[in-house]
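Trainee: My questions all concern the structure below.
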Amino acid sequence: MELNEHQLGLVFTGWGILVAVFSVFGAPRLQARFGIARTLYANLVLFSLDILVIALFTSNRAVVICGVIVAGVFIGVNNTVTTQAVMTVSPVERPIASASYGFIRFIGGGLAPFAAGRLAEHFDSQHAPFYLGAAAVLLGAVILTAAHRQLGEAERAQAAELAAAGPATARRERLEESALAEDLGSAT
């Protein structure tokens, strides 16, 4: 992106804000409206398209910057919805499932910059890592269809948990969400 450290920090601040907002507010609303499976499928396809746009326009700094910031939306939704689904359907205890899921996410995040650099060098192209990333995310959506039944089970289990919690808990959660939204709104 050819940015100095402050400019790069601003790009990733924008990215991080979108990750946070869509993790806390966007993902639950999307999941409530469309369900776990459709939310994840659509999110992964759209994320793949975002990465593809970056791949096609790696020489256009504005497109790359916008693509990176917009990726925060998809990462935020994916983090929340996938985490909830994994924790709900996992055959092992929640701490083990959480640790395993965290390991997979963070090992991928740690290896990705190294692998991207090697791909760019090997193919002598800044486009290659993004094309591979777009294809991998799209492949992830396809592979996820193999777990469609488990996603349905997760959705039913989460609905049962909400029903068991009762209307008072749901009302309290809405009030807490509203208060957080007001706090965030007044901070800007």
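The values are calculated or read from the model by the stated rules, or taken from the named source; none is laboratory data. The structure presented is a predicted model; accordingly, all values stated were derived computationally and were not measured. Virtual Cβ from ideal backbone geometry, glycine too; neighbours counted across all protein chains shown. We work out accessible area using only protein heavy atoms, side chains counted, and drop any ligands, DNA or RNA first. Shrake-Rupley method; radii C 1.70, N 1.55, O 1.52, S 1.80 Å.
Trainee: Quick one: is Ala141 among the aliphatic types (A, V, I, L, M) and at pLDDT 65 or above?
Mentor: On the way: among the aliphatic types (A, V, I, L, M): yes; at pLDDT 65 or above: yes.
Yes; evaluated as a whole, the condition is true for this residue.
Trainee: For Gly35, state whether it is at pLDDT 95 or above and either over 18 Å from the mean Cα position of the chain (by Cα) or surrounded by 14 or more Cβ atoms within 10 Å (Cβ to Cβ) (or both). So that I can check it myself, show each step before the final result.
Mentor: Numbers: at pLDDT 95 or above: no; either over 18 Å from the mean Cα position of the chain (by Cα) or surrounded by 14 or more Cβ atoms within 10 Å (Cβ to Cβ) (or both): yes.
The answer is no for Gly35.
Trainee: Of everything in the stretch 122-148, what is polar (S, T, N, Q) and either in contact (Cβ under 8 Å) with a residue 24 or more places away in the chain or open to solvent by 100 Å² or more (accessible area, probe 1.4 Å) (or both)? Give them in sequence order. Full working, then the answer.
Mentor: Looking only at the stretch 122-148, we keep the residues that are polar (S, T, N, Q), and these are 125-126, 145.
Gln126, Thr145 - these are the residues of the stretch 122-148 that are polar (S, T, N, Q) and either in contact (Cβ under 8 Å) with a residue 24 or more places away in the chain or open to solvent by 100 Å² or more (accessible area, probe 1.4 Å) (or both).
Trainee: Taking the condition of being over 28 Å from Ala128 (Cβ atoms), touching a helix residue (DSSP H, G or I) at 6+ places or on another chain (Cβ under 6 Å) and of a type in the set (Phe, Trp, Tyr), how many residues in the stretch 23-52 meet it?
Mentor: Here the count works out to 0.
Trainee: Does the stretch 83-109 hold any residues that are surrounded by 17 or more Cβ atoms within 10 Å (Cβ to Cβ) and either polar (S, T, N, Q) or touching an Asp or Glu at 6+ places or on another chain (Cβ under 7 Å) (or both), and which are they?
Mentor: Going residue by residue through the stretch 83-109, those that are surrounded by 17 or more Cβ atoms within 10 Å (Cβ to Cβ) are 83-86, 88-89, 97.
Residues satisfying the conditions are Thr83, Gln84, Thr88, Val89.
Trainee: Then there is this: For the stretch 5-19, which residues satisfy the criterion of being open to solvent by less than 70 Å² (accessible area, probe 1.4 Å) and either without any contact (Cβ under 8 Å) to a residue 24 or more places away in the chain or over 16 Å from the mean Cα position of the chain (by Cα) (or both)?
Mentor: Passing the criteria: Leu8, Gly9, Val11.
Trainee: On the given criteria, is Phe22 surrounded by fewer than 20 Cβ atoms within 10 Å (Cβ to Cβ) and on the phi < 0 side of the Ramachandran plot?
Mentor: In short, no.
Trainee: Considering only the stretch 39-82, how many residues are among the hydrophobic types (A, V, I, L, M, F, W, C), open to solvent by 40 Å² or more (accessible area, probe 1.4 Å) and touching a residue at least 24 places away in the same chain (Cβ under 8 Å)?
Mentor: 8
Let's see how each residue does on (1) among the polar types (S, T, N, Q); (2) within 21 Å of Ser59 (Cβ to Cβ); (3) at pLDDT 90 or above:
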site	(1), (2), (3)
Ala120	no, yes, yes
Phe130	no, yes, yes
Ala146	no, no, yes
Leu151	no, no, no
